[in-house]
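Questions regarding the structure given below will be posed in turn.
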């Protein structure tokens, strides 16, 4: 005979199943109350990634600069503090990095030790992340170096102007100037765009802007954990708040930075929040995120939007990773894995 | 001049960037302390899905039955309480449902109003979810009816034996008996497997078992939010605990049910936790999950595993959804979307 508690459990579960099986007609939306918890470092990722996941919340995440000069100083500090890592990565990855200008914009040309023969006439344009405000100059290079070395591609990294030098749409204008110059000498179908975070958003914004301007679109795009919605909409802004140790919270430094870039412009403009744009006609696009990523929602929302337009779009989500951790260190197996996927995606979809 | 707080913020962020840019060598893994929070219903999903997300935690989630009779009673209750929804869904979807047996196993044959001409010689085998213990008989039908109607496929739904009638590997044995009978009359490359939750795990286990037995594999598989790891490993077991309103917690009713099915067998056996199995040679596989899903990690871990074996595998993740909510009600736009993707995937990959 079933015990009393079992019958009670059976009844309550059954009642709920019955109630949830059809659309509830009257229940008003309500919030979910989640108790405090202590989340261990997962054992389901590489030991190297476990170290990254174990790090505390990013220091200073809730004390962003409050003045243009403060932001400028922080950007410069991100540059100088990144230099040792950029230098070491460049040596390990055996890529050549040459500064220059293209379309009137500062760039770096990153060349791998060996360009794959099938990539001889292909080129990638990389737009860096950093909330539209951080990671200038050499700090922009890790992603460009990773995809160059792992994919065997020539990469043009755009060192776009940032506030206070240039506010919205300065970054996008610079990226478009480089794109125009690139497609003047390389067939657009042989050109790929790649970027992460603000760079992931800029890649999508470049697609939207190219459509507005009647320019041909690139052959493929890689948008990593894009800041696709700067209005703070997106469920993982809440569910992964204080779980993501990089962005930490929708009320952190990155949103302050985006507002600094927008400079009073409507945050729902698709050229700042591209998830609201018309992406019809976009080329094949690969999207990357992590299960702890504050922007996981804003990544999957773009994926669904592209798929619902019938666009060939591929989503990869990494176990345990917070925002953009897949692009941090070339020695982490998951970094090789993520950029291996991106390289294969470009190889499949860019014209030869 | 930068203000004092800005300099401090710049310095702390910079120090952390420097510290995180290279692999930390000595930091011991530590837990993340996440404060209590109140998570609103996201506005970034359909109004119908908002109602599902707004529902409270599944009643009885932490009071599973403790006796075989209690589980049997709960299973029967899930069946009877599902009947009205199954009946209404069958009418709306205009599918024909016929009970029968195949390979000595109880099945339902689900036939759409119109079989797509290209699907005339194709068939799908569906294995239902319910933690290996719940949703017998008609309760197993919603997923079979959805893919039948949306994809235009003939579907054979397996009503496998469950404990206390049959413990591990009873469910798998029954599913394999049906699969053998199906491939005796239909070319395996024209056969697709589909299942969600325990059914998503069973689909993967069927692939592993077919390899062990030297049977040909199916043409494609759809594994929805699979219980791919019943050892409770997987980061979203923690990050989405109390966020997912269906499974709620790794210490809830579903894990108790899986243990009841395993009946003392090693939970790390790949035929119970298929993420630990050798999936080489698997056919193209589509995986589905949601950002609030307790099993998001165990979905993406399978995706990465398949991709690292070079297998064509596609991941779709839905905004704001807890475990398996995409398969609940045919009137929800996101349900049409998810099953539309699965149908297209089968159409692309099954032989004609």
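What percentages make up the Cα-Cα pair-distance distribution of the stretch B:26-109 when the bins are 10 Å wide from 0?
11, 20, 29, 25, 10, 5, 0
Calculate I(q)/I(0) for the stretch B:58-185 by the Debye formula, one identical point scatterer on each C-alpha and no solvent, and give its log10 at q = 0.15 Å⁻¹ to two decimals.
One equal scatterer on each Cα of the stretch B:58-185 leads to -0.72.
Further, regarding this structure: Per residue of B:231-241, how many C-beta atoms from partner chains lie within 10 Å of its own C-beta, taken as a mean? Write down the numbers at each step before the final one.
On the way: counts 0, 0, 4, 6, 15, 7, 3, 9, 11, 5, 4.
Going residue by residue through B:231-241 and averaging, the value is 6.
What ratio of Cα Rg to 2.2 N^0.38 Å holds for the stretch B:277-349?
1.13
Follow-up. Residue B:215 to residue B:116: extension gain in nm, 0.36 nm per residue of separation minus the Cα-Cα distance?
Full extension of this stretch gives 32.9 nm more.
Ranking request for peptides B:164-171, B:263-270: highest mean number of other beta-carbon atoms within 10 Å first, then the rest in descending order.
The peptides rank, most packed first, as B:164-171, B:263-270.
Grab the DSSP H runs of the protein assembly as shown that are 4 residues or longer, score each as -39,500 (n - 2.57), total them, divide by all residues and round the 222 nm result to the nearest 500 deg cm²/dmol.
-12500 deg cm²/dmol
While we're looking at this one, here's another question. Please report how far the C-alpha centroid of the stretch A:96-137 lies from that of the stretch B:218-294, rounded to the nearest whole angstrom.
About 41 Å separates the Cα centre of the stretch A:96-137 from the one of the stretch B:218-294.
Measure nothing but the geometry: give the 0 to 90° angle between the long axis through the Cα atoms of A:198-213 and the longest principal axis through the Cα atoms of chain A, rounded to 10°.
70 degrees
Still on this structure: What fraction of the DSSP beta bridges in the stretch A:90-211 is antiparallel, stated in percent and rounded to the nearest 5?
Percentage antiparallel, nearest 5: 55.
Can you quote the Å³ per residue value for the convex hull of the Cα atoms in the protein assembly as shown, rounded to an integer? The partial results should precede the final answer.
Working: hull volume 105.2 nm³, N = 704.
In the protein assembly as shown, the Cα hull volume divided by residue count equals 149 Å³.
If you fit an axis through the alpha-carbon atoms of helix B:141-151 and take the longest principal axis of the Cα set of chain B, what angle between them do you get, 0 to 90°, nearest 10?
90 degrees
Other chains' Cβ within 10 Å of B:305-314 residues: what's the mean?
2
Under a plain spin-label model, where a point goes 7 Å from the Cα along Cα-to-Cβ, how far apart in nm are residue B:311 and residue A:38?
Placing both labels 7 Å beyond Cα along the Cβ direction yields 3.8 nm.
Using Cβ contacts closer than 10 Å as the measure, can you line up A:107, A:183 from fewest to most? The partial results should precede the final answer.
Numbers: A:107 25, A:183 20.
By the 10 Å Cβ count, ascending: A:183, A:107.
Rounding to the nearest 10 and keeping the result within 0 to 90°, find how far the Cα-based axis of helix A:170-183 lies from the longest principal axis of chain A.
The answer is roughly 60 degrees.
Across 5 Å bins from 0, what is the distribution of all Cα-Cα pair distances for the stretch B:91-144, in whole percents?
4, 16, 25, 27, 17, 8, 3, 0
Write down the percent of antiparallel bridges among all DSSP beta bridges whose residues are both part of chain B, to the nearest 5.
If we restrict to bridges inside chain B, about 30 percent are antiparallel.
What number, in percent, do you get for the relative contact order of chain B if the mean sequence gap of Cα pairs under 8 Å and at least 6 apart is divided by its residue count?
Computed value for chain B: 18 percent relative contact order.
Give the percent of DSSP beta bridges with both residues in the protein assembly as shown that are antiparallel, rounded to the nearest 5.
Rounded to the nearest five, the antiparallel share is 35 percent.
Please report, for the Cα atoms of the stretch A:84-349, the Rg to one decimal and the Dmax as a whole number; what are they, in angstrom?
16.6, 47
Just counting partner chain Cβ atoms within 10 Å, what average do the residues of peptide B:318-329 show around their Cβ?
On the way: counts 5, 12, 8, 2, 1, 0, 0, 1, 0, 0, 4, 4.
Whole-number average of other-chain Cβ neighbours for B:318-329 is 3.
None of the figures in this text is laboratory data; all of them are computed from the coordinates on show. Remember, predicted model here, so these are calculated numbers, not experimental data. Using ideal geometry, Cβ is built from the backbone for each residue, glycine included, and neighbour counts are taken over all protein chains shown.
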